[in-house]
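**Student:** Once you've had a glance at the structure underneath, I'll fire off some questions.
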Amino acid sequence: MATTHNLGFPRIGAKRELKFALEAYWKGQSSLDALKQVGKDLRQGNWALQSDLDLVPVGDFAFYDQVLDMSFTLGNLPARVQDFHGDALDNYFRVARGRSAESDEAHAQCCGGVTAGEMTKWFDTNYHYIVPEFTAETQFKLDATRLLAQLAEAKTQQVKAKPVIIGPVTYLAIGKSKDDSDRLALLPQLLQVYTELLETLVAQGVEWVQIDEPILVTELTAEWQHAFNLAYHQLKSSRAKLLLATYFGPLADNQYLAANLPVAGLHVDAINARSEVVPLISMLPAHKVLSIGVINGRNIWKTDLNATLDWLEPIAERLGDRLWLAPSCSLLHVPVDLDSEVKLEAEVKSWLAFAKQKLEELQVLATALTHGRAAVKVALAVNQVAIDARRASKRVHNPQVKAALATLTPQLGQRQNTYAQRAAKQAALLKLPKYPTTTIGSFPQTAEIRQARSQFKAGALDNAGYEIAMKTEIERSVREQESLGLDVLVHGEAERNDMVEYFGEQLDGYAFSQFGWVQSYGSRCVKPPILFGDISRTQAMTVAWIKYAQSLTSKPMKGMLTGPVTILNWSFVRDDQPRAVSCYQLALAIREEVLDLEKAGIHVIQIDEAALREGLPLRKSQWKEYLNWAVESFRITANGVADETQIHTHMCYSEFNDIIAAIAEMDADVITIETSRSDMELLDAFDDFNYPNEIGPGVYDIHSPNIPTQDHIVQLMQKAAERIPAERLWVNPDCGLKTRQWAEVLPALTNMVAAAKTLRAQA
């Protein structure tokens, strides 16, 4: 009989209850007790949805981030937030976002100006975690309060609890040393706290503990491989049964290491590493459990249950009771419940499974393995109808799109002349000062914008009324930027619900959910569009809005587009063809928009590729293949324009140092990147790499409500000028300003413009 379990469940709630509770608390509109009650309600609801499982994850719920939770459990708090008063949750939010209370007065009383923790992508997902910080002096001290409280709650609900924690080696690997000390030197001390934690859990009646070590799917040096042996040979003294969980990729050269660590069970991702499962069975000691991730925890397509059973049944015969079944990874990365989607077209809906439905699929597989397929023949038949219908659907396959792809040539990705030649022509046309200032694209999505969008969708506002409302907001953004003295303006993106969904709605081959929300970080949620078929552009998507904005000012107006790689990586992508093929289709569609913007007289066009890095395979040996088609897709999109048209791209909240050569190959005239949270650390790449084009290192951390001072911005830009010639530097925020308030944005940008003037005076 196969044991069923789950690695983690979405915590935001089917209707984003956690998002709204967090933001109400941060704004001072609700109490801490009210926020905690929402968290409790969500946990209990999530456990109820998982009640048919043999083991249910506990501790996967976080008010902001599971990695930050682990830092607090281990007592690893940055020195800047130690010894502050108030509830522990307030200190937690200070690390996450720079403050807890929204009011400046309360903020000043508690902690003054706290720098938020650095944030980056969780492996190759669009989820952002708060990076653990280490120094040679770091001391760990167990604080299991959060986990024990959740376990106590679970007991009252009679949940068959399996606590979930991040493993010690992964925790060190994903953190950063703030003083260049050796992170692995901290392992012996860290293991003492892990041992104490495991014994604390056992004392509460826990049998199994899921210990996540996804770093095992990356390339490890001998030193880090040794760290695994050291760690788990020390932890084997614990009475807890450890299920070591890996996910997001194959183990590859770490297979033998993972199979032979002294743990009670191993979880592997059979969506990404199916070919490794059978060899692993032979490597595993006879007593060890093998948990197989057979349901895709990263995408929303139905599982082909019959095909999966064809593969699983022989494995179940070999393993017997040692076989566990689960999704491939935590379901954090998919929406909660497909049943909520009453407006999604029936054909596409029949092809999908969200978190709740994935657990139902898991139960069908487990029942079939235990009692035979006849016990679930109706469910299997219904599933097969949906699988076959999707494969045969004419909506999925467009011969014209395939014909267009066949005409792709390298010349489509080439600019007419080199950057140096283009830069001279662009400088003559745009007449920008040194250290030109701009923003990344979006301005605050005000209550007026949201109300107009809601009324328009509900039919209470007609097209004309909606256009007037959006143009009013665009004009406000333009006037504010002119008043601030920015050099290159943006239209503010008032009409856009999301930087990917907005484009998907206007491209053939996409479908959209109402409630398909996925957590990106903290209270920030995204609703990835569903890329189900061949992609084509049937009409201009942004030109009218950008032309209107340009008509309001004599200053250069940036056309704002999302690039093909980011649209791909931030969508739920079809799994029936290579991702590269879908990306090339998107590149051709966005290229048409770029050329139409240029024809409309727009001389600056930004093509955001915020997700370029997160699409990288987790193993460097596979990077080249991905970067080849990803960079080529961008170049196809961007490089059909004249020399005088200045192409910008933007990337945020990722580590770019190790792919800087590929970024240079994109040949954008200007790149803007996040650097403020990392204190310009990302610019270390330019110590050894002569980046040829212009760059805007972000100086305003838009994910924190804190307002940067003029002096701080000047200092950051002076650091940048040590690596990049001043004549090629821009001054801009880290990212778009959609999630901020005008009351924060205006003083921050005022300081940014003043800093640019200071820099010019010093030049």
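The values are calculated or read from the model by the stated rules, or taken from the named source; none is laboratory data. Treat the numbers as computed from the prediction; the structure is a model and nothing was measured. Every residue, glycine among them, receives a Cβ derived from its backbone with ideal geometry; neighbour counts consider all protein chains shown. The area values use the complete protein model at the heavy-atom level, side chains included, leaving out ligands, DNA and RNA. Shrake-Rupley method; radii C 1.70, N 1.55, O 1.52, S 1.80 Å.
**Student:** For the range 473-493 and the range 711-761, what is the separation of their Cα centres, given in Å?
**Tutor:** So the two Cα centres are separated by 16 Å.
**Student:** Just to confirm the number: angle between the C-alpha axis of helix 17-26 and the first principal axis of the chain, 0 to 90 degrees, nearest 10?
**Tutor:** 60
**Student:** May I pose another question? Tell me the relative contact order for the range 338-391 as a rounded percent, counting alpha carbon contacts under 8 Å between residues six or more apart.
**Tutor:** 31
**Student:** Beyond a 30 Å Cα-Cα separation, which of these cross-linked pairs lie in this structure: 555/624; 36/343; 27/527; 40/620; 19/343?
**Tutor:** From the list (555/624; 36/343; 27/527; 40/620; 19/343), the Cα-Cα distance tops 30 Å for 555/624; 36/343; 40/620.
**Student:** Going Cα to Cα from residue 377, which lysines come in below 25 Å? Please leave out same-chain ones fewer than 8 positions away.
**Tutor:** Leaving aside lysines fewer than 8 places away in the same chain, those within reach of residue 377 are 302, 349, 356, 358.
**Student:** If you don't mind, there's one more thing I want to ask. Let me cross-check residue 70: its accessible surface, 1.4 Å probe, with only protein heavy atoms counted, in Å² to the nearest 10?
**Tutor:** 10
**Student:** Would you mind checking the range 625-650 for residues with the amide N under 17 Å from a putative spin-label position 7 Å along Cα→C-beta of residue 404?
**Tutor:** Under cut-off, by backbone N: 633-641.
**Student:** Charges only on Cβ, +1 for Lys and Arg, -1 for Asp and Glu: so what's the dipole of the chain about the Cα centre, in debye to the nearest 20? Spell out each step's value before the answer.
**Tutor:** Working: 76 positive and 93 negative charges, 215 e Å.
Dipole of the chain, to the nearest 20 debye: 1040 debye.
**Student:** Of 732, 523, 384, which is farthest towards the positive pole of the chain's charge dipole, taken about the Cα centre with +1 and -1 on the beta-carbons of Lys, Arg and Asp, Glu respectively?
**Tutor:** 384
**Student:** Further, regarding this structure: If I take R0 = 35 Å and measure r between the Cβ atoms of residue 575 and residue 85 in this structure, what FRET efficiency does the formula 1/(1 + (r/R0)^6) give, to the nearest 0.05?
**Tutor:** 0.10
**Student:** When the Karplus curve 6.51 cos²θ - 1.76 cosθ + 1.60 is applied with θ = phi - 60°, which whole-Hz ³J(HN,Hα) does each residue of the range 187-198 get, with x for Gly and Pro?
**Tutor:** In residue order, the calculated couplings are 4, x, 5, 5, 5, 4, 6, 4, 4, 5, 5, 5 Hz.
**Student:** I need the phi-derived Karplus couplings for the range 259-264: 6.51 cos²θ - 1.76 cosθ + 1.60, θ = phi - 60°, integer Hz, Gly and Pro marked x.
**Tutor:** 3J(HN,Hα) across the range 259-264, in whole Hz: 5, 10, 5, x, 10, 7.
**Student:** Also, I was wondering about something else. Would you mind pulling out the separation of the Cα centroids of the range 281-301 and the range 156-177, in Å?
**Tutor:** Between the Cα centres of the range 281-301 and the range 156-177 lies a distance of 18 Å.
**Student:** Let me ask something else about it. Of all the accessible heavy-atom surface of the range 125-214, with the other protein chains kept in place and a 1.4 Å probe, what percent is carbon and sulfur?
**Tutor:** 49
**Student:** Under 20 Å Cα-Cα from residue 431, which aspartates and glutamates qualify once same-chain neighbours fewer than 8 residues away are excluded?
**Tutor:** Leaving aside aspartates and glutamates fewer than 8 places away in the same chain, those within reach of residue 431 are 482, 487, 598, 643, 644, 669, 694, 727.
**Student:** If you don't mind, there's one more thing I want to ask. For the range 97-226, what's the relative contact order in percent, using C-alpha pairs closer than 8 Å and at least 6 residues apart?
**Tutor:** 25
**Student:** Okay, next question. List the relative contact order of the chain as a percent without decimals, with contacts defined as Cα pairs under 8 Å and 6+ residues apart.
**Tutor:** Averaging sequence separation for qualifying contacts and normalising by length gives 13 percent for the chain.
**Student:** Taking 0.36 nm per residue of sequence separation and subtracting the Cα-Cα distance, how much length would be gained by fully extending the chain between residue 17 and residue 712, in nm to one decimal?
**Tutor:** Working it through step by step, the gained length comes to 246.6 nm.
**Student:** How would you rank 526-537, 267-278, 24-35, highest first, on the average number of other Cβ atoms within 10 Å across their residues?
**Tutor:** Answer by packing, highest mean first, reads 526-537, 267-278, 24-35.
**Student:** For the range 449-586, with the dipole built from +1 on Lys and Arg beta-carbon atoms and -1 on Asp and Glu ones, taken about the Cα centre, which of 502, 585, 492 lies farthest toward the positive end?
**Tutor:** So the residue furthest toward the plus end is 492.
**Student:** With angles folded into 0 to 90 degrees, how steeply does helix 88-97 sit against the dominant principal axis of the chain? Use alpha carbons for both and round to 10.
**Tutor:** So the inclination is approximately 40 degrees.
**Student:** Continuing with the same structure: With runs of 4+ DSSP H residues as the only contributors, calculate the mean residue ellipticity of the chain at 222 nm using -39,500 (n - 2.57) per run, divided by the residue total and rounded to the nearest 500.
**Tutor:** Theoretical 222 nm ellipticity from helices: -12500 deg cm²/dmol.
**Student:** Name the residues whose placed amide hydrogens come within less than 5 Å of the amide hydrogen of residue 445, ignoring near sequence neighbours (fewer than 5 apart) on the same chain.
**Tutor:** Those lying under 5 Å, H to H, from residue 445 are 740.
**Student:** Place +1 on the Cβ of every Lys and Arg and -1 on the Cβ of every Asp and Glu in the chain, take the dipole about the Cα centre, and give the residue among 157, 630, 21 whose Cα lies farthest towards its positive end.
**Tutor:** 157
**Student:** Mind checking which lysines have their C-alpha under 24 Å from residue 178, skipping anything on the same chain fewer than 8 residues away?
**Tutor:** Straight-distance partners of residue 178: 121, 141, 719.
**Student:** What's the whole-number percent of alpha carbon pairs in the chain lying beyond 35 angstrom?
**Tutor:** Cα-Cα pairs of the chain separated by over 35 Å account for 47 percent.
**Student:** I'd like the carbon and sulfur percentage of the solvent accessible area for the range 243-344, probe radius 1.4 Å, heavy atoms only, ligands and nucleic acids excluded.
**Tutor:** Solvent-exposed carbon and sulfur of the range 243-344 make up 52 percent of the total.
**Student:** Quick one: what are the phi-derived ³J(HN,Hα) couplings along the range 243-253, Karplus 6.51/-1.76/1.60 with θ = phi - 60°, whole Hz, x for glycine and proline?
**Tutor:** 9, 7, 9, 10, 6, 5, x, x, 6, 6, 6
**Student:** Quick one: which residues, 5+ away or cross-chain, put their amide H under 5 Å from the amide H of residue 608? H built at 1.01 Å from N.
**Tutor:** Counting only residues 5 or more places away or on other chains, the set is 561, 562, 563, 650.
**Student:** Which order do peptides 331-338, 369-376 fall in by mean Cβ count within 10 Å, highest first?
**Tutor:** 331-338, 369-376
**Student:** While we're on this one: Write down the accessible area per residue of the chain in Å², having rolled a 1.4 Å probe over the full set of protein chains.
**Tutor:** With the other protein chains kept in place, the chain gives 37 Å² per residue.
**Student:** Around residue 204, which amide H atoms from residues at least 5 apart in sequence, or from another chain, sit under 5 Å from its own amide H, with H modelled in the peptide plane?
**Tutor:** For residue 204, no residues qualify.
**Student:** Nearest 20 debye, what's the magnitude of the dipole of the range 442-490 about its Cα centre given +1 on Lys and Arg Cβ and -1 on Asp and Glu Cβ? Before the final figure, lay out each step's value.
**Tutor:** Values: 6 positive and 8 negative charges, 50 e Å.
With Lys and Arg at +1 and Asp and Glu at -1, about 240 debye.
**Student:** With all protein chains present, calculate the accessible area of residue 712 using a 1.4 Å probe and round the result to the nearest 10 Å².
**Tutor:** Around 70 Å² of this residue is reachable by solvent.
**Student:** Taking the range 603-637, which trypsin sites (Lys or Arg not before Pro) meet the DSSP loop condition and have no more than 16 other C-beta atoms within 10 Å?
**Tutor:** In loop regions of the range 603-637 (DSSP not H, G, I, E or B), the sparsely surrounded trypsin sites (Lys or Arg not before Pro) are 619.
**Student:** Return the whole-Å distance between the Cα centroid of the range 356-386 and the Cα centroid of the range 186-239.
**Tutor:** 35
**Student:** How much accessible surface does residue 409 have with a 1.4 Å probe, in Å² rounded to 10?
**Tutor:** So the heavy atoms of residue 409 present about 60 Å² to solvent.
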